[in-house]
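Here you go, one structure.
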Amino acid sequence: MKKVMFEKTSKNVFLLNSLLFLCISSVSCSSDEGGEELPPASYNVSGKVEKGPFVSGSTITVQPMNERLQVTGEMYSTTINDDLGNFTLGSKEFQSPYAELMATGYFFNEVEGALSDGTLTLRALADLSDKQTVNVNVLTHLKYTRMRNLISSGSSFESANRQAQEELLRQFGLEKYTSKDASQFSIIAGTGESAALIAISSLLLVDRSEAALTEYLAKLSEEFGRTGTFSEATRSQIRKDKGKIVGELADIKENIVERYSSLGIDVSVKDLVSFVDWNDNGIVGDEVMKEGEEVRLDCAEISVPNEGGTYTIQINSPVPVYLEQQIGDGDLEFVGPSDIVTEEKFVDLYDKYDPSAFRDGEINLTKSIENNTLKIVVSPLTSKREKKKSVSIYDYIGNVVATVTLTQEAGVVKIPVEDVPLLGHEGKYIVGNLADHLLSGMQSYSVLEQYYWNNKEANTVANITPENRYVENAWERFYSANTQLLLLKRMDEGMLNVYSDFCNVLSAFWYSTLLYGWGGVPYLTDYSQLDNAMSGVPRTSERFILADMQEKLLSAVENLEEKKNESLEGADGFFFVSKDVARVLLANLYMYEGRYDEAMPLLRSVMDNGFYRLDASTNFAPSIDLESSYVSVENSTEVIFALQNERATRATIVSPQVTPYITLSDVYLSLAECCYHAGRASEANSLVEAVAQAKSLVLAEGDVLFRIKELREHLLLYSGTYFAFLKRNGLAQDVCGIENNRLLLPIPSSEMRFNMMLTQNPGY
């Protein structure tokens, strides 16, 4: 039975083959060149050439072909007529519907966001009877050789085109987009096919010049043309390129949108991340979460005792998750300005202390993910303070999809303030750098305060704009000083952890001044916050800044030494501030909020402790004339905190070589203000008269607040608190002749351009 069936089948196959032979013979013998004789027809060929779009003037040629893709001798050419890559050949007669299109020209480089430096040539094969609109792109180019080889092996144009497209998109995990021919893909269509084209095109271009891209495309075309696949070496290169492009896709999308917007067209581009097969499993989009999806943890915060412990957390995720990025080089670390001191400078942070002997440890742990369970094993902690550490959970390409925060208890007693080591060589270096930034910022802010004082006579406030150089310099220098301080603070926290109170007092200098001048500002108090600075930092509310500074200054008042402050005695004198500095800064914050009853005892403590006394200095400028009645700042008995200035002075703006920030005169006048608001006018006047008599000044009788104002102006007390004094007492508008919006300074334009999360103050 089996034998009979086989014989019958064999006869049928023989008959079928005979019929096929006759059919093929009748077709192949109908022409001398072996091709099918097809009737001539006219076709109006048009389309786009896109890499990004080829620019106007690029050339495109069309060569008619027979069914075996042999050129028939005719050639038509035209140029791209706009920067969108559009071309129109016009109606031409073809002997067959098959044609080769070849475009050469400059193009928009979507990776770099600029026009190419060199030209590129792309090809496409088309059946014009099926479609006369033909787009030329990298996909049609990569299919070209493969289609020709398949057709030379006997495949029809249709089957060769379909096979080549399926094979090509399979190499990139994009096989689901094979139903539509690549010659109909366009990057401006806003479809999945568009995103697939952009993703592949960008992947091939990344880190390559136009010449290198031409060479690379030739290699890929040759490989793919032979087998319909890429070699393992090419696959390895593509994997490397994925690592390079993973962090650039958002910029590429934006570059395309902006390019077309500049050409008058609004385009929509899908999230390109979902159109790259990151893990090479042949499926795009399964490595990253879709919009609306999220990773859930059964616990996101862990309190760990000092001795450590083992913790397990269940993970519910729609995509596979990892403990590190699986592709690329990871996130780039933020690098600050060139004058910022780096960690390497902290080899000698302390004087006569070996940092290694006193190093304060960080949280040490091991972590693993298995079967959607995160396991964390925490070791005992050697630390003088509580430590925090975050464990990030990533998707395949390095997006943080969840975070677990650990807080581990301290286990070491804090070193008493009297045993705090002085600054070492490198410690002095960074403190000196910090002081220079603070001085420059305070001098610029002093100029702005003097602008307000002079406004009624000279309309100087009109000069205070977002582009004003004093506005820009004050802001920039305050934040540069802060960055320096946060670096020092971080290193100290990792070793002895003894400098926090001193650091908090110094940071209050610039943050209180920023608050008085600008209101709520970005409030950076930990070095880790600088990691996010490149992506922008929003304003922090005034309420939070005030509360945090007050809490830290209260701690400093409690912990620091009761001594005369010696800020001009080198780096150590500047850095190791006394209780009095913290008291004055805290009192200023209380007065800013109208809490005069809380400010009063702080100021009185400074006045009564006997470390300082009023003297005859009237402008706090260094005396050049030995017979002058002025007392130089260096020899003044009332300077509490000052900054040394080695720069030349300006003729029009008071800028002494030593710039006081806190003086006993300032303390007296602030205490007088507190007494005034407490209803103790007589005591307030006595304090004002004490300052005037010390300076040999005669003041007109009148309201105490205006007498305080006159003294502050006469003594040149533009120390970051003059304008704050006017504002909190409701004097600013009248004294300075300003509108309400001028009660705040403008955010510098340079900062607004850099920090996209900031909002400008009203009226600017």
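Looking at region 521-544, which of the residues that are β-branched (Val, Ile, Thr) and out of contact with any Gly (no Cβ under 7 Å at 6 or more places or on another chain) is nearest to MET757 (Cα to Cα)?
VAL537
Within the bounds of region 716-734, is there any residue that is over 26 Å from ASP615 (Cβ atoms) and of a type in the set (Gly, Ala, Ser)?
Yes, some residue in region 716-734 is over 26 Å from ASP615 (Cβ atoms) and of a type in the set (Gly, Ala, Ser).
Please enumerate the residues belonging to region 728-749 that are touching a residue at least 24 places away in the same chain (Cβ under 8 Å) and either over 19 Å from MET442 (Cα atoms) or in contact with a strand residue (DSSP E or B) (Cβ under 9 Å, 6 or more places away or on another chain) (or both). Full working, then the answer.
Initial filter on region 728-749 (touching a residue at least 24 places away in the same chain (Cβ under 8 Å)): 728-729, 731-732, 735-739, 742, 744-749.
Listed by number, the residues that qualify are ARG728, ASN729, LEU731, ALA732, VAL735, CYS736, GLY737, ILE738, GLU739, ARG742, SER749.
What's the total number of residues in region 40-83 that are surrounded by 16 or more Cβ atoms within 10 Å (Cβ to Cβ), outside any loop (DSSP other than H, G, I, E, B) and of a type in the set (Gly, Ala, Ser)?
The total comes to 1.
Across region 398-447, what is the number of residues that are surrounded by 16 or more Cβ atoms within 10 Å (Cβ to Cβ) and basic (Lys, Arg)?
Total satisfying the criteria: 1.
Residue check: is GLN314 assigned to a loop (DSSP other than H, G, I, E, B) and either modelled with pLDDT under 90 or in contact with a strand residue (DSSP E or B) (Cβ under 7 Å, 6 or more places away or on another chain) (or both)?
no
Let me ask another. Scan region 547-569 and give yes if some residue there is buried (at least 19 other Cβ atoms within 10 Å of the Cβ), within 28 Å of the chain's Cα centre (by Cα) and assigned by TED's automatic domain parsing to the domain that holds TRP518, otherwise no.
Among the residues of region 547-569, at least one is buried (at least 19 other Cβ atoms within 10 Å of the Cβ), within 28 Å of the chain's Cα centre (by Cα) and assigned by TED's automatic domain parsing to the domain that holds TRP518, which makes the answer yes.
Given the conditions (1) at pLDDT 95 or above; (2) closer than 17 Å to PHE185 by Cα, report the number of the one that ASP130 does not fulfil.
Failed condition: (1).
Can you tell me how many residues in region 247-261 are buried (at least 21 other Cβ atoms within 10 Å of the Cβ) and of a type in the set (Val, Ile, Thr)?
2
Give me the residue from region 84-138 that is within 22 Å of GLY225 (Cβ to Cβ) and among the hydroxyl-bearing types (Ser, Thr, Tyr) and, out of that set, surrounded by the most Cβ atoms within 10 Å (Cβ to Cβ).
TYR98
So, VAL461, is that one modelled with pLDDT of 90 or more and buried (at least 16 other Cβ atoms within 10 Å of the Cβ) or not? I'd like the intermediate steps shown before the answer.
Details: modelled with pLDDT of 90 or more: yes; buried (at least 16 other Cβ atoms within 10 Å of the Cβ): yes.
When the stated conditions are applied, VAL461 passes them.
Which residue is nearest to THR312 (Cα to Cα), if the candidates are limited to region 279-299 and must be among the charged types (D, E, K, R) and surrounded by 13 or more Cβ atoms within 10 Å (Cβ to Cβ)?
GLU287
Take the residues in region 375-397 that are of a type in the set (Lys, Arg) and surrounded by fewer than 19 Cβ atoms within 10 Å (Cβ to Cβ); name whichever of them is modelled with the highest pLDDT. Show your work before the answer.
First pass over region 375-397, keeping only residues of a type in the set (Lys, Arg): 375, 384-385, 387-389.
Filter once more, keeping what is surrounded by fewer than 19 Cβ atoms within 10 Å (Cβ to Cβ): 375, 385, 388-389.
On the way: LYS375: 96, ARG385: 75, LYS388: 93, LYS389: 93.
Among residues in region 375-397 that are of a type in the set (Lys, Arg) and surrounded by fewer than 19 Cβ atoms within 10 Å (Cβ to Cβ), the one modelled with the highest pLDDT is LYS375.
Give the residue that is farthest from the chain's Cα centre (by Cα), with candidates limited to residues of region 83-112 that are over 24 Å from ALA195 (Cβ atoms), at pLDDT 90 or above and among the charged types (D, E, K, R).
Of everything passing the filter in region 83-112, LYS92 is farthest from the chain's Cα centre (by Cα).
The values are calculated or read from the model by the stated rules, or taken from the named source; none is laboratory data. From a predicted model like this one, the values you see are computed outputs, not experimental measurements. Virtual Cβ from ideal backbone geometry, glycine too; neighbours counted across all protein chains shown.
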